[in-house]
Amino acid sequence: MLTMLCNGHLLIEDIPGVGKTTLAKALAKAIGGEFRRIQFTPDLLPADITGASIYNQRDEVFSFRAGPIFGNVVLVDEINRATPKTQSALLEAMEERTVTVDGETRPLPRPFFVIATQNSVEMTGTYPLPEAQLDRFFARVSLGYPSRDSEIDILARQQISHPIDLVQTVVNPAEMMELQNEIRDVFVHDSIREYIVDLVRATRENPLLLMGNSPRGTLHLMRASQARAAMTGHDFVRPDDVKAVAAAVLAHRIMPRAEARARGETTNDLIARVIETVRTPVPVN
């Protein structure tokens, strides 16, 4: 939800069957938007995503047939099972919110929110996402296995029907876009901006990292902190807001060195260590 409020895109790295598709459908239904699902496979072509111009023999003209990318909430399932060429077809859509086919640029529906799922790169038939595409994702999360009590609750709720049938629309797409604009008005003190920059710069200077965060990561961290503040009932960003979202926003943009991987340290662990090295500003009330 935070990622959607920030007008970003979400990468979910997890195993099959933990509810990623259900999550995307529920969000689309909650905002009254159009849901689309794209199953990535090794033989998928870019035109299968963006759409293509089809020749109409009767009218003797080419007409554009929109691909499944034209939706409000688009689930890209198993994104790393497609080839890099097909993966790159998402770059323009995710960044510019447009699709260019045969030299003509077409706008995508608003709001436009991509939820991509990724299997572990150790699994058979997967291609690592290029850094340029990883950087386009606002945040990366992992749903993980549910707790024992939650899994028992899942069985009880789905014995007769699926709970997603009960999801109601709470905002329309236009209202969601208004909320996205309001997030930008959450106050960010100069000391918080400096703290965000110092955190990001620390990822670039860390000896355990080959690559730190880009300026896009800096902007996304500020925006995520604003959204987190708003979602917790505050009209200004606190240091705790920055720390709470740092791993989700920054971890997928860094590249650990071999020694860090050999010690079994995850990117989330490394971001946590970076946070410990940067002085926390005094909270501003």
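The values are calculated or read from the model by the stated rules, or taken from the named source; none is laboratory data. Bear in mind that the values here come from a model prediction, so they are computed numbers and not experimental data. Virtual Cβ from ideal backbone geometry, glycine too; neighbours counted across all protein chains shown.
Structure summary
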read-out: Criterion: under 26 Å from Pro128 (Cβ atoms) and touching a residue at least 60 places away in the same chain (Cβ under 8 Å) - qualifying residue of Ala227, Ala248; value: Ala248
read-out: Residue check for Ala230: outside the structural domain of Cys6 (by TED's automatic domain parsing) and touching a helix residue (DSSP H, G or I) at 6+ places or on another chain (Cβ under 7 Å); value: yes
read-out: From Ile31, Ile54, residue being of a type in the set (A, V, I, L, M, F, W, C) and exposed (fewer than 14 other Cβ atoms within 10 Å of the Cβ); value: Ile54
read-out: Sole residue being surrounded by fewer than 14 Cβ atoms within 10 Å (Cβ to Cβ) and either assigned to a loop (DSSP other than H, G, I, E, B) or under 20 Å from the mean Cα position of the chain (by Cα) (or both), chosen from Val170, Val200; value: Val170
read-out: Helices (runs of 4 or more DSSP H) wholly inside segment 63-150 that include at least 1 residues being touching a residue at least 12 places away in the same chain (Cβ under 8 Å) and over 18 Å from the mean Cα position of the chain (by Cα); value: 84-87
read-out: Single condition Arg97 does not satisfy, out of (1) surrounded by 15 or more Cβ atoms within 10 Å (Cβ to Cβ); (2) farther than 30 Å from Asp153 by Cβ; (3) among the charged types (D, E, K, R); value: (1)
read-out: Output for segment 175-197, where each listed residue is outside any helix (DSSP H, G or I) and in contact (Cβ under 8 Å) with a residue 24 or more places away in the chain; value: Arg184, Val186, Phe187, Val188, His189
read-out: Complete set of residues in segment 2-48 that are within 16 Å of Asn72 (Cβ to Cβ) and either in a helix (DSSP H, G or I) or in the same structural domain as Met222 (by TED's automatic domain parsing) (or both); value: Thr3, Met4, Leu5, Thr21, Leu23, Ala24, Lys25, Ala26, Leu27, Ala28, Lys29, Ala30
read-out: Every residue from segment 34-51 that is buried (at least 18 other Cβ atoms within 10 Å of the Cβ) and among the acidic types (Asp, Glu); value: Asp48
read-out: One residue from Asp241, Asp269, Asp235 being surrounded by 13 or more Cβ atoms within 10 Å (Cβ to Cβ), touching a residue at least 12 places away in the same chain (Cβ under 8 Å) and acidic (Asp, Glu); value: Asp241
read-out: Matching residues, segment 37-68, being modelled with pLDDT of 85 or more and among the aromatic types (Phe, Trp, Tyr); value: Phe40
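Residues checked against (1) at pLDDT 95 or above; (2) under 23 Å from the mean Cα position of the chain (by Cα); (3) in a strand (DSSP E or B):
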| position | (1), (2), (3) |
| --- | --- |
| Thr218 | yes, yes, no |
| Leu221 | yes, yes, no |
| Ala229 | yes, yes, no |
| Val245 | yes, yes, no |
| Val249 | yes, yes, no |
| Ala260 | no, no, no |
| Asp269 | no, yes, no |
| Ala272 | no, yes, no |
